[in-house]
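Notes follow once the structure below has been shown.
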Amino acid sequence: KLLPMVDPTQVAITGWDINKRNLEKAMERAQVFDYDLIRQLHPHMKDMIPLPGIYFPDFIAPNQKERADNILTGTKQEQMEKIRSDIRKFKEENALDKVIVLWTATTERYCEVQKGVNDTADALLNSIKNGAAEISPSAVFAVASILEGCSYINGSPQNTLLPGVIE
């Protein structure tokens with residue numbers, strides 16, 4: 001059975017980033033898209049400012065520190081609750097049936113799977129609550145997404161989908 005396609009005019013987009021540049025400037029800086037595509041996307045992206053993101057310096061390259069001017073503060077638990085709140089607010093404001101979180105941030109270092117830290121769902125939730133060092137930003141986003149009933153897609157090559165996240 002074929003599923004109906006999503007009408008692209010019925011899609012709402014937002015996101016988080018540790019840098020507060022609008023998405024047009026971010027696309028230019030990243031130099032990932034062709035110039036002509038950036039030109040075409042300009043009217044849609046110039047007013048899109050990312051929400052503050054999660055920045056744990058020990059998980060990403062040191063050269064990212066200089067651009068980290070749009071970051072959440074507080075404990076890992078507080079940051080996760082803010083992401084959850086952002087998801088709920090976005091869903092409500094846009095009258096959405098479904099939210100999909102797509103992780104496309106800078107690649108993180110691999111997390112060590114540690115017994116009692118990230119090996120089970122309960123351990124992972126407890127580790128976020130207690131601010132354990134081996135909890136990455138992508139894992140916090142994944143858990144926030146799951147707790148909000150959202151699909152989470154890991155678009156970077158780190159090991160976000162640890163046993164605790166999968167459970």
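Brief remarks on what is shown
- Filtering the stretch 17-35 to residues that are of a type in the set (Phe, Trp, Tyr) and either part of a helix (DSSP H, G or I) or open to solvent by less than 70 Å² (accessible area, probe 1.4 Å) (or both) leaves only Tyr35.
- Of the residues making up the stretch 143-163, those that are touching a Leu at 6+ places or on another chain (Cβ under 8 Å) and under 15 Å from Tyr110 (Cα atoms) are Asn154, Gly155, Leu162.
- Set Ile38, Ile71, Ile49: member being of a type in the set (Val, Ile, Thr) and open to solvent by less than 50 Å² (accessible area, probe 1.4 Å): Ile38
- Count of the stretch 125-156 residues which are open to solvent by 50 Å² or more (accessible area, probe 1.4 Å) and either closer than 14 Å to Ile83 by Cβ or over 14 Å from the mean Cα position of the chain (by Cα) (or both): 8
- Residue within the stretch 102-125 that is part of a strand (DSSP E or B) and in contact (Cβ under 8 Å) with a residue 24 or more places away in the chain present: yes
- If you go through the stretch 89-101 and keep only what is surrounded by fewer than 12 Cβ atoms within 10 Å (Cβ to Cβ) and out of contact with any helix residue (DSSP H, G or I) (no Cβ under 9 Å at 6 or more places or on another chain), you end up with Glu92, Glu93, Ala95.
- Unique match (being open to solvent by 40 Å² or more (accessible area, probe 1.4 Å) and either within 30 Å of Thr9 (Cα to Cα) or in contact with a strand residue (DSSP E or B) (Cβ under 7 Å, 6 or more places away or on another chain) (or both)) among Glu66, Glu81: Glu81
- Matching residues in the stretch 43-98 - criterion: being more than 15 Å from the chain's Cα centre (by Cα), within 21 Å of Ala26 (Cα to Cα) and not in a loop (DSSP other than H, G, I, E, B): Pro43, His44, Met45, Pro57, Pro62, Asn63, Gln64, Lys65, Glu66, Arg67
The values are calculated or read from the model by the stated rules, or taken from the named source; none is laboratory data. No experiment lies behind these values; they were computed from the predicted model shown. When we count neighbours, we look across all protein chains shown, and the Cβ atoms used for this are built from the backbone with ideal geometry, even at glycine. Ligands, DNA and RNA are stripped out before the accessible areas are found, and what is left, the full protein with its side chains, is counted by its heavy atoms. Shrake-Rupley method; radii C 1.70, N 1.55, O 1.52, S 1.80 Å.
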